[in-house]
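Shown next, in C-alpha coordinates, is the structure this report addresses.
The values are calculated or read from the model by the stated rules, or taken from the named source; none is laboratory data. This one's a predicted model, so the numbers in the text were calculated from it and none came from an experiment. Don't worry about glycine lacking a Cβ; one is built from the backbone with ideal geometry, like all the others, and counts go over all protein chains shown. In case anyone asks, the SASA skips ligands and DNA or RNA and just uses the protein heavy atoms, side chains included. Shrake-Rupley method; radii C 1.70, N 1.55, O 1.52, S 1.80 Å.
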Amino acid sequence: MKIPLLDLGSQLLPLRDEIITAVTNVVDSTTYIQGPEVLGLEQEIAQYCNVSTATGVSSGTDALLVALMALGIGPGDRVLTTSYSFFATMGVILRCGALPVFADINEESFNIDPVAMAAILEADTEKTIKAIIPVHLYGQCADMEAIMALGEQYGVPIVEDAAQAIGAEYPNSAGEWIRSGTMGIAGCFSFFPSKNLGGIGDGGMVVSNDSSFDKLLKMLRNHGANPKYYHAMIGGNFRLDPIQATVLRIKLKHLEKWHKARRTNAAVYDRMFSETTLITDKNLTTPVAVYKNVADTNLSGTEHNYHIYNQYVIRVENRDALLKWLRSHDIGCEIYYPLCLHEQECLEGIIERPSLPHAEKAARTTIALPIYPELTEEMQKHIVDTIVAFYQG
Ligand SMILES: *Cc1c(COP(=O)(O)O)cnc(C)c1O
(Lines give C-alpha, C1' and ligand atoms only; values in the text may rest on other atoms or scores of the structure.)
Protein backbone atom coordinates (compact mmCIF):
# COMPACT_ATOMS: atom_id res chain seq x y z
CA MET A 1 0.00 0.00 0.00
CA LYS A 2 1.44 3.37 -1.05
CA ILE A 3 0.63 6.16 1.43
CA PRO A 4 1.89 9.68 0.78
CA LEU A 5 2.75 12.11 3.60
CA LEU A 6 0.13 14.48 2.18
CA ASP A 7 -2.50 13.86 -0.51
CA LEU A 8 -3.57 17.21 -1.95
CA GLY A 9 -5.27 15.47 -4.88
CA SER A 10 -7.90 13.82 -2.71
CA GLN A 11 -8.69 17.17 -1.08
CA LEU A 12 -8.96 18.88 -4.47
CA LEU A 13 -11.25 16.37 -6.14
CA PRO A 14 -14.60 17.32 -4.49
CA LEU A 15 -13.78 21.06 -4.76
CA ARG A 16 -12.23 21.09 -8.20
CA ASP A 17 -15.20 22.44 -10.21
CA GLU A 18 -15.88 25.19 -7.69
CA ILE A 19 -12.20 26.18 -7.65
CA ILE A 20 -11.89 26.24 -11.44
CA THR A 21 -15.00 28.44 -11.69
CA ALA A 22 -13.72 30.84 -9.01
CA VAL A 23 -10.28 31.11 -10.62
CA THR A 24 -11.91 31.67 -14.02
CA ASN A 25 -13.99 34.48 -12.50
CA VAL A 26 -10.84 36.20 -11.20
CA VAL A 27 -9.22 35.83 -14.62
CA ASP A 28 -12.27 37.30 -16.35
CA SER A 29 -12.63 40.11 -13.80
CA THR A 30 -9.20 41.50 -14.79
CA THR A 31 -8.73 42.61 -11.15
CA TYR A 32 -5.38 40.99 -10.58
CA ILE A 33 -4.02 43.00 -7.64
CA GLN A 34 -5.92 43.32 -4.33
CA GLY A 35 -9.66 43.61 -5.06
CA PRO A 36 -12.80 42.00 -3.65
CA GLU A 37 -11.47 38.44 -3.27
CA VAL A 38 -8.56 39.56 -1.08
CA LEU A 39 -10.86 41.82 0.95
CA GLY A 40 -13.41 39.03 1.29
CA LEU A 41 -10.82 36.57 2.55
CA GLU A 42 -9.47 39.13 5.02
CA GLN A 43 -12.94 39.65 6.44
CA GLU A 44 -13.64 35.93 6.64
CA ILE A 45 -10.33 35.13 8.35
CA ALA A 46 -10.86 37.99 10.83
CA GLN A 47 -14.28 36.57 11.62
CA TYR A 48 -12.94 33.00 11.85
CA CYS A 49 -10.26 34.09 14.30
CA ASN A 50 -12.50 36.54 16.15
CA VAL A 51 -10.19 39.53 15.59
CA SER A 52 -10.85 43.02 14.26
CA THR A 53 -8.32 43.15 11.42
CA ALA A 54 -6.62 40.88 8.89
CA THR A 55 -4.08 41.71 6.20
CA GLY A 56 -3.45 39.35 3.31
CA VAL A 57 0.20 38.99 2.36
CA SER A 58 2.34 37.02 -0.09
CA SER A 59 3.39 34.20 2.28
CA GLY A 60 3.67 33.14 5.89
CA THR A 61 7.28 34.30 5.80
CA ASP A 62 6.24 37.75 4.62
CA ALA A 63 3.52 37.82 7.28
CA LEU A 64 6.25 37.49 9.92
CA LEU A 65 8.50 39.96 8.10
CA VAL A 66 5.90 42.76 7.84
CA ALA A 67 4.91 42.22 11.48
CA LEU A 68 8.53 42.71 12.58
CA MET A 69 8.91 45.68 10.21
CA ALA A 70 5.76 47.26 11.66
CA LEU A 71 7.31 46.89 15.13
CA GLY A 72 10.39 48.68 13.83
CA ILE A 73 12.74 45.77 14.51
CA GLY A 74 16.22 46.56 13.18
CA PRO A 75 19.97 46.47 13.77
CA GLY A 76 20.94 46.31 17.43
CA ASP A 77 17.69 44.59 18.37
CA ARG A 78 17.25 40.97 19.39
CA VAL A 79 14.16 38.79 19.01
CA LEU A 80 13.46 35.94 21.41
CA THR A 81 12.20 32.76 19.74
CA THR A 82 12.48 28.99 19.50
CA SER A 83 15.26 27.14 17.73
CA TYR A 84 12.99 24.24 16.81
CA SER A 85 11.00 25.65 13.91
CA PHE A 86 11.00 26.22 10.19
CA PHE A 87 13.79 28.50 8.96
CA ALA A 88 11.46 31.44 8.23
CA THR A 89 10.98 32.11 11.95
CA MET A 90 14.66 33.02 12.25
CA GLY A 91 15.16 34.22 8.66
CA VAL A 92 12.84 37.21 9.09
CA ILE A 93 14.68 38.33 12.24
CA LEU A 94 18.01 38.32 10.45
CA ARG A 95 16.55 40.00 7.36
CA CYS A 96 15.43 42.90 9.58
CA GLY A 97 19.06 43.25 10.65
CA ALA A 98 18.28 41.98 14.14
CA LEU A 99 19.64 38.89 15.91
CA PRO A 100 17.77 35.86 17.23
CA VAL A 101 18.06 34.71 20.82
CA PHE A 102 16.81 31.22 21.51
CA ALA A 103 15.00 29.72 24.46
CA ASP A 104 14.85 25.93 24.69
CA ILE A 105 11.61 24.01 24.11
CA ASN A 106 9.28 22.11 26.39
CA GLU A 107 10.17 18.48 25.75
CA GLU A 108 6.58 17.26 25.61
CA SER A 109 4.92 19.92 23.47
CA PHE A 110 8.02 20.86 21.39
CA ASN A 111 7.00 24.51 21.90
CA ILE A 112 9.07 27.28 23.46
CA ASP A 113 9.45 26.93 27.22
CA PRO A 114 8.31 29.99 29.24
CA VAL A 115 10.68 29.11 32.10
CA ALA A 116 13.68 29.26 29.75
CA MET A 117 12.29 32.46 28.23
CA ALA A 118 11.99 34.10 31.64
CA ALA A 119 15.67 33.44 32.40
CA ILE A 120 16.72 35.03 29.10
CA LEU A 121 14.50 38.08 29.58
CA GLU A 122 15.78 38.50 33.14
CA ALA A 123 19.37 38.44 31.90
CA ASP A 124 18.63 41.04 29.20
CA THR A 125 19.62 43.98 31.35
CA GLU A 126 20.35 46.19 28.33
CA LYS A 127 16.79 45.61 27.08
CA THR A 128 17.87 44.60 23.59
CA ILE A 129 15.06 42.05 23.21
CA LYS A 130 12.43 43.98 21.26
CA ALA A 131 10.03 41.20 20.24
CA ILE A 132 9.10 37.62 21.05
CA ILE A 133 8.07 35.08 18.40
CA PRO A 134 6.48 31.95 19.87
CA VAL A 135 5.77 29.28 17.25
CA HIS A 136 2.64 27.13 17.54
CA LEU A 137 4.47 24.09 16.27
CA TYR A 138 2.68 21.27 14.45
CA GLY A 139 -0.69 22.96 15.10
CA GLN A 140 -0.59 23.24 18.88
CA CYS A 141 -0.48 26.58 20.69
CA ALA A 142 2.58 27.44 22.72
CA ASP A 143 1.90 28.20 26.39
CA MET A 144 0.52 31.64 25.58
CA GLU A 145 -0.78 32.59 28.99
CA ALA A 146 2.71 32.37 30.47
CA ILE A 147 4.26 33.94 27.37
CA MET A 148 1.82 36.87 27.37
CA ALA A 149 2.57 37.45 31.04
CA LEU A 150 6.31 37.61 30.25
CA GLY A 151 5.65 40.02 27.41
CA GLU A 152 3.74 42.27 29.75
CA GLN A 153 6.28 42.01 32.56
CA TYR A 154 9.22 42.93 30.34
CA GLY A 155 7.33 45.23 27.98
CA VAL A 156 8.07 43.16 24.86
CA PRO A 157 5.48 42.71 22.06
CA ILE A 158 4.57 39.23 20.89
CA VAL A 159 4.26 38.13 17.27
CA GLU A 160 2.73 34.67 17.01
CA ASP A 161 4.11 32.39 14.31
CA ALA A 162 0.84 30.56 13.75
CA ALA A 163 1.84 29.38 10.26
CA GLN A 164 1.03 25.77 11.20
CA ALA A 165 -1.83 26.54 13.54
CA ILE A 166 -4.73 28.44 11.96
CA GLY A 167 -7.81 27.51 14.00
CA ALA A 168 -5.88 25.97 16.89
CA GLU A 169 -7.26 27.09 20.24
CA TYR A 170 -5.75 27.80 23.59
CA PRO A 171 -7.59 27.76 26.90
CA ASN A 172 -6.82 30.70 29.18
CA SER A 173 -7.19 30.53 32.93
CA ALA A 174 -10.71 31.93 32.68
CA GLY A 175 -11.62 28.79 30.74
CA GLU A 176 -12.11 30.68 27.48
CA TRP A 177 -10.88 29.16 24.26
CA ILE A 178 -8.81 31.64 22.26
CA ARG A 179 -7.79 31.13 18.63
CA SER A 180 -4.11 30.99 17.78
CA GLY A 181 -2.67 34.21 16.41
CA THR A 182 -5.06 36.46 18.31
CA MET A 183 -3.22 36.82 21.62
CA GLY A 184 -0.12 38.80 20.61
CA ILE A 185 0.04 42.14 18.79
CA ALA A 186 0.09 40.10 15.56
CA GLY A 187 -0.63 36.54 14.48
CA CYS A 188 0.93 35.23 11.27
CA PHE A 189 -0.61 32.50 9.12
CA SER A 190 0.74 30.67 6.07
CA PHE A 191 -1.33 29.32 3.21
CA PHE A 192 1.52 27.18 1.86
CA PRO A 193 -0.21 24.16 0.25
CA SER A 194 0.79 21.74 3.04
CA LYS A 195 -0.72 23.86 5.82
CA ASN A 196 -4.23 23.00 7.10
CA LEU A 197 -5.59 25.87 5.00
CA GLY A 198 -3.46 25.75 1.86
CA GLY A 199 -3.70 27.66 -1.40
CA ILE A 200 -2.62 26.67 -4.89
CA GLY A 201 0.63 28.57 -4.37
CA ASP A 202 2.04 30.91 -1.76
CA GLY A 203 0.00 33.14 0.53
CA GLY A 204 -0.22 34.41 4.08
CA MET A 205 -2.17 36.61 6.49
CA VAL A 206 -1.48 38.76 9.53
CA VAL A 207 -4.27 39.20 12.05
CA SER A 208 -4.38 41.79 14.82
CA ASN A 209 -6.75 43.48 17.23
CA ASP A 210 -4.80 46.73 16.99
CA SER A 211 -6.15 48.94 14.20
CA SER A 212 -3.21 51.36 14.12
CA PHE A 213 -0.80 48.41 13.89
CA ASP A 214 -2.93 46.98 11.09
CA LYS A 215 -2.71 50.28 9.24
CA LEU A 216 1.08 49.94 9.27
CA LEU A 217 0.83 46.37 7.98
CA LYS A 218 -1.37 47.44 5.09
CA MET A 219 1.09 50.20 4.17
CA LEU A 220 4.14 47.98 4.49
CA ARG A 221 2.75 45.25 2.24
CA ASN A 222 2.43 47.90 -0.47
CA HIS A 223 5.86 49.61 -0.36
CA GLY A 224 4.83 51.71 2.63
CA ALA A 225 2.64 53.82 0.39
CA ASN A 226 -0.23 55.93 1.74
CA PRO A 227 -1.68 57.36 -0.40
CA LYS A 228 -0.36 55.76 -3.58
CA TYR A 229 3.09 57.11 -4.60
CA TYR A 230 3.63 58.83 -1.23
CA HIS A 231 5.98 56.84 0.99
CA ALA A 232 6.38 57.81 4.61
CA MET A 233 8.05 54.46 5.23
CA ILE A 234 9.87 51.72 3.30
CA GLY A 235 7.85 48.58 2.77
CA GLY A 236 7.86 46.01 0.01
CA ASN A 237 5.62 44.12 -2.38
CA PHE A 238 4.04 41.67 0.05
CA ARG A 239 0.55 41.49 -1.45
CA LEU A 240 -1.71 38.43 -1.52
CA ASP A 241 -2.76 37.26 -4.99
CA PRO A 242 -6.54 37.33 -5.64
CA ILE A 243 -6.34 33.90 -7.28
CA GLN A 244 -5.05 32.50 -3.99
CA ALA A 245 -7.68 34.45 -2.06
CA THR A 246 -10.56 33.06 -4.09
CA VAL A 247 -9.34 29.48 -3.67
CA LEU A 248 -8.75 29.98 0.06
CA ARG A 249 -12.29 31.34 0.54
CA ILE A 250 -13.65 28.09 -0.88
CA LYS A 251 -11.37 25.96 1.29
CA LEU A 252 -12.02 27.97 4.47
CA LYS A 253 -15.61 26.66 4.45
CA HIS A 254 -14.21 23.14 4.93
CA LEU A 255 -11.46 23.93 7.42
CA GLU A 256 -13.26 22.91 10.63
CA LYS A 257 -14.26 19.59 9.07
CA TRP A 258 -10.64 18.97 8.05
CA HIS A 259 -9.35 19.90 11.51
CA LYS A 260 -11.80 17.39 13.02
CA ALA A 261 -10.73 14.65 10.61
CA ARG A 262 -7.07 15.26 11.50
CA ARG A 263 -7.91 15.14 15.20
CA THR A 264 -9.81 11.89 14.70
CA ASN A 265 -6.83 10.45 12.84
CA ALA A 266 -4.54 11.54 15.67
CA ALA A 267 -6.77 9.81 18.23
CA VAL A 268 -6.72 6.65 16.09
CA TYR A 269 -2.91 6.70 15.96
CA ASP A 270 -2.77 7.35 19.73
CA ARG A 271 -4.95 4.29 20.35
CA MET A 272 -3.11 2.08 17.87
CA PHE A 273 0.29 2.96 19.34
CA SER A 274 -1.00 2.42 22.87
CA GLU A 275 -1.99 -1.12 21.83
CA THR A 276 1.60 -1.92 20.83
CA THR A 277 4.56 -2.41 23.18
CA LEU A 278 6.53 0.38 21.49
CA ILE A 279 5.68 3.02 24.08
CA THR A 280 6.98 0.94 26.99
CA ASP A 281 9.73 -1.04 25.22
CA LYS A 282 11.04 1.43 22.65
CA ASN A 283 10.43 4.82 24.29
CA LEU A 284 8.08 5.83 21.50
CA THR A 285 6.06 8.92 22.41
CA THR A 286 2.88 10.18 20.78
CA PRO A 287 1.96 13.90 20.80
CA VAL A 288 0.70 15.42 24.03
CA ALA A 289 -1.15 18.62 24.79
CA VAL A 290 0.42 19.83 27.99
CA TYR A 291 -1.10 23.18 28.82
CA LYS A 292 -3.52 22.59 31.62
CA ASN A 293 -4.67 26.10 32.39
CA VAL A 294 -8.37 25.42 32.24
CA ALA A 295 -10.16 25.02 35.52
CA ASP A 296 -11.64 21.69 34.52
CA THR A 297 -8.77 19.30 35.05
CA ASN A 298 -10.95 16.37 34.02
CA LEU A 299 -10.63 17.31 30.37
CA SER A 300 -8.64 14.73 28.44
CA GLY A 301 -5.18 15.58 27.16
CA THR A 302 -6.03 16.81 23.68
CA GLU A 303 -8.90 18.94 24.97
CA HIS A 304 -6.52 21.04 27.02
CA ASN A 305 -5.23 22.60 23.85
CA TYR A 306 -7.21 22.38 20.62
CA HIS A 307 -4.48 20.87 18.47
CA ILE A 308 -5.18 21.00 14.73
CA TYR A 309 -2.46 18.46 13.87
CA ASN A 310 -0.82 20.11 10.92
CA GLN A 311 1.68 17.37 11.73
CA TYR A 312 1.42 14.22 13.82
CA VAL A 313 4.89 13.86 15.24
CA ILE A 314 6.16 10.93 17.28
CA ARG A 315 9.48 10.53 19.03
CA VAL A 316 11.33 7.28 18.38
CA GLU A 317 14.60 5.44 18.86
CA ASN A 318 16.74 4.81 15.79
CA ARG A 319 14.85 7.50 13.92
CA ASP A 320 16.92 7.75 10.74
CA ALA A 321 16.73 4.01 10.10
CA LEU A 322 12.96 4.07 10.70
CA LEU A 323 12.61 6.90 8.19
CA LYS A 324 14.42 4.83 5.56
CA TRP A 325 12.36 1.76 6.41
CA LEU A 326 9.04 3.58 6.08
CA ARG A 327 10.04 5.20 2.80
CA SER A 328 11.22 1.88 1.42
CA HIS A 329 7.73 0.58 2.27
CA ASP A 330 6.09 3.44 0.31
CA ILE A 331 5.00 5.31 3.43
CA GLY A 332 5.57 9.06 3.28
CA CYS A 333 7.20 10.60 6.34
CA GLU A 334 9.36 13.61 7.08
CA ILE A 335 11.58 15.16 9.70
CA TYR A 336 10.49 18.59 10.93
CA TYR A 337 13.29 19.58 11.47
CA PRO A 338 16.57 17.67 11.20
CA LEU A 339 18.63 20.69 12.27
CA CYS A 340 17.75 23.32 14.86
CA LEU A 341 17.90 26.95 13.78
CA HIS A 342 20.91 27.65 15.99
CA GLU A 343 22.76 24.84 14.19
CA GLN A 344 22.27 26.33 10.70
CA GLU A 345 25.44 27.10 8.80
CA CYS A 346 24.28 30.62 7.87
CA LEU A 347 24.33 31.57 11.55
CA GLU A 348 27.99 30.65 12.07
CA GLY A 349 29.95 33.57 13.45
CA ILE A 350 26.79 35.64 13.87
CA ILE A 351 25.73 34.55 17.34
CA GLU A 352 27.38 32.45 20.00
CA ARG A 353 26.08 28.91 19.94
CA PRO A 354 23.54 28.46 22.72
CA SER A 355 22.97 25.27 24.71
CA LEU A 356 19.51 23.94 23.79
CA PRO A 357 19.48 20.24 24.69
CA HIS A 358 15.73 19.69 24.35
CA ALA A 359 15.55 21.28 20.91
CA GLU A 360 18.57 19.30 19.73
CA LYS A 361 17.13 16.06 21.08
CA ALA A 362 13.85 16.71 19.28
CA ALA A 363 15.68 17.31 16.01
CA ARG A 364 17.37 13.89 16.36
CA THR A 365 14.36 11.82 17.48
CA THR A 366 11.15 13.08 15.89
CA ILE A 367 9.38 11.86 12.78
CA ALA A 368 6.11 13.08 11.21
CA LEU A 369 3.59 10.53 9.94
CA PRO A 370 0.76 11.06 7.42
CA ILE A 371 -2.20 12.76 9.17
CA TYR A 372 -4.13 14.41 6.32
CA PRO A 373 -7.95 14.38 6.62
CA GLU A 374 -8.56 11.81 3.88
CA LEU A 375 -6.27 9.21 5.50
CA THR A 376 -8.21 6.02 6.30
CA GLU A 377 -8.05 3.86 9.41
CA GLU A 378 -6.85 1.00 7.24
CA MET A 379 -3.92 3.12 6.06
CA GLN A 380 -3.11 4.08 9.64
CA LYS A 381 -3.16 0.42 10.67
CA HIS A 382 -0.73 -0.36 7.88
CA ILE A 383 1.58 2.47 8.99
CA VAL A 384 1.58 1.37 12.64
CA ASP A 385 2.09 -2.30 11.62
CA THR A 386 5.04 -1.28 9.46
CA ILE A 387 6.60 0.63 12.39
CA VAL A 388 6.05 -2.38 14.68
CA ALA A 389 7.69 -4.63 12.07
CA PHE A 390 10.73 -2.33 11.96
CA TYR A 391 11.36 -2.65 15.70
CA GLN A 392 10.69 -6.39 15.67
CA GLY A 393 13.08 -6.87 12.74
C1 LIG B 1 5.32 27.31 6.81
C2 LIG B 1 5.93 28.07 7.90
C3 LIG B 1 6.37 29.39 7.76
C4 LIG B 1 6.47 30.09 6.45
O5 LIG B 1 5.33 30.09 5.66
P6 LIG B 1 5.47 30.26 4.08
O7 LIG B 1 4.05 30.53 3.66
O8 LIG B 1 6.00 28.98 3.54
O9 LIG B 1 6.35 31.41 3.80
C10 LIG B 1 6.83 30.06 8.88
N11 LIG B 1 6.89 29.46 10.07
C12 LIG B 1 6.50 28.19 10.25
C13 LIG B 1 6.57 27.58 11.61
C14 LIG B 1 6.03 27.44 9.16
O15 LIG B 1 5.67 26.17 9.35
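If you stretched the chain out fully between GLU122 and TYR32, how much longer would it get, using 0.36 nm times the residue separation minus the C-alpha to C-alpha distance?
27.5 nm
In vacuo Debye scattering of the chain, one point per C-alpha: log10 I(q)/I(0) at q = 0.11 Å⁻¹?
-0.80
May I ask you to order 202-208, 111-117, 345-351 by the average number of other C-beta atoms within 10 Å around their residues, highest value first?
Order by mean packing, descending: 202-208, 111-117, 345-351.
What is the extension gain from ARG364 to ASN50, computed as 0.36 nm multiplied by their sequence separation minus the C-alpha to C-alpha distance, in nm to one decimal?
So the extension gain works out to 109.3 nm.
Using only the Cα atoms of segment 313-363, build the gyration tensor, take square roots of its eigenvalues as a ≥ b ≥ c, and label the shape rounded, prolate or oblate: rounded if a/c is under 1.5, else prolate if a/b is larger than b/c, else oblate.
Prolate.
Classify segment 306-393 as rounded, prolate or oblate from the Cα gyration tensor: take a ≥ b ≥ c as the square roots of its eigenvalues, call it rounded if a/c is under 1.5, otherwise prolate when a/b beats b/c and oblate if not.
Note, shape of segment 306-393 comes out prolate.
Indicate the gyration tensor shape class of segment 72-210 (rounded, prolate or oblate), computed on the Cα atoms with a ≥ b ≥ c the square roots of the eigenvalues: a/c under 1.5 is rounded; otherwise a/b larger than b/c is prolate and the rest oblate.
oblate
Considering the chain as a Gaussian network with a 10 Å cut-off on Cα pairs, which listed residue, TYR337, TYR269, TYR32, attains the greatest mean-square fluctuation?
The residue that fluctuates most here is TYR32.
Carbon and sulfur: what percent of the chain's accessible surface (1.4 Å probe)?
54 percent
Put TRP258, TRP325 in order of accessible area, largest first, 1.4 Å probe: what do you get?
Numbers: TRP258 20, TRP325 80 Å².
Accessible-area ranking of TRP258, TRP325, largest first: TRP325, TRP258.
What are the aspartates and glutamates whose alpha-carbon lies under 16 Å from the alpha-carbon of LYS2, with same-chain residues fewer than 8 places away excluded?
ASP330, GLU334, GLU374, GLU377, GLU378, ASP385
Go through segment 136-242 and name the chymotrypsin sites (Phe, Trp or Tyr not before Pro) that are in a DSSP coil and have 13 or fewer other Cβ atoms within 10 Å of their Cβ.
On the way: sites: TYR138, TYR154, TRP177, PHE189, PHE191, PHE213, TYR229, TYR230, PHE238; in loops: PHE191, TYR229, TYR230, PHE238.
Sites meeting the loop and neighbour criteria: TYR229, TYR230.
Can you tell me the Rg and the Dmax, both Å, for the Cα atoms in segment 136-259?
15.9, 48
With every protein chain left in place, what is the accessible area per residue of segment 9-147 in square angstrom, probe 1.4 Å? Don't jump to the answer; show the numbers that get you there.
Values: 5320 Å² over 139 residues.
Here the residues of segment 9-147 average 38 Å² of exposed surface.
Helix-derived [θ] at 222 nm for the chain: sum -39500 (n - 2.57) over DSSP H runs of at least 4, divide by residue count, nearest 500?
That comes out to -12000 deg cm²/dmol.
How much accessible area per residue does segment 185-336 have, in Å², with a 1.4 Å probe?
Solvent-accessible surface per residue comes out at 45 Å².
Tell me, what is the FRET efficiency for LYS324 and ILE250 to the nearest 0.05, using R0 = 41 angstrom and their Cβ-Cβ distance as r?
0.60
Roughly how many debye, to the nearest 20, is the charge dipole of the chain about its Cα centre, given +1 on each Lys and Arg Cβ, -1 on each Asp and Glu Cβ, and no other charges?
Approximately 680 debye in magnitude.
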